[in-house]
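Structure first, commentary second.
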Amino acid sequence: MFTRLVELTSKAGKARELSNTINESAVPILKKQKGFVDEIVLVSDEEGDRVLALSFWKTSEDAERYQREQYNNVRETIQPLLEAEPVIRTFDVHTSTGHKIAAGKAA
């Protein structure tokens, strides 16, 4: 399994609105993508304008396809709520109890 971590900085006081927009606009698009598994959106309780969006994919190729074909549409939707450009990092999932992945068995 593979994950994309998108670090977002919302405009002041817009973190919850940004999270709701991701849920209402991006998640339906994600659900239609080949290899999509799950989306988790986190809102920082210490940094009020910080949001993390983690999307889980069966393979890195599935995530890369989404990046090429759909990410710009999603980014345009959330752009008015952003203070800075999103930062994207990618990871292999090592362990996940929710997705029933044991340490070292993700590949």
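Please treat every number below as a calculation from the coordinates, not as lab data. Just so we're clear, the structure is a prediction, and the values are computed from it rather than from any experiment. Positions of Cβ are backbone-derived with ideal geometry, glycine not excepted, and every protein chain shown enters the neighbour counts.
Just a few scattered comments:
- Failed item, numbered, when Ala26 is tested on (1) aliphatic (A, V, I, L, M); (2) in contact (Cβ under 8 Å) with a residue 40 or more places away in the chain; (3) surrounded by 16 or more Cβ atoms within 10 Å (Cβ to Cβ); (4) not in a helix (DSSP H, G or I): (4)
- Looking only at residues in the stretch 1-23 that are hydroxyl-bearing (Ser, Thr, Tyr) and either within 19 Å of Leu81 (Cα to Cα) or assigned to a helix (DSSP H, G or I) (or both), the one that is nearest to the chain's Cα centre (by Cα) is Ser19.
Every residue, every condition in (1) surrounded by 13 or more Cβ atoms within 10 Å (Cβ to Cβ); (2) in contact with a helix residue (DSSP H, G or I) (Cβ under 9 Å, 6 or more places away or on another chain); (3) within 20 Å of Gly98 (Cβ to Cβ), yes or no:
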position	(1), (2), (3)
Glu39	yes, yes, yes
Gly48	yes, yes, no
Leu52	yes, no, yes
Lys58	yes, no, yes
Gln70	yes, yes, no
Leu81	yes, yes, no
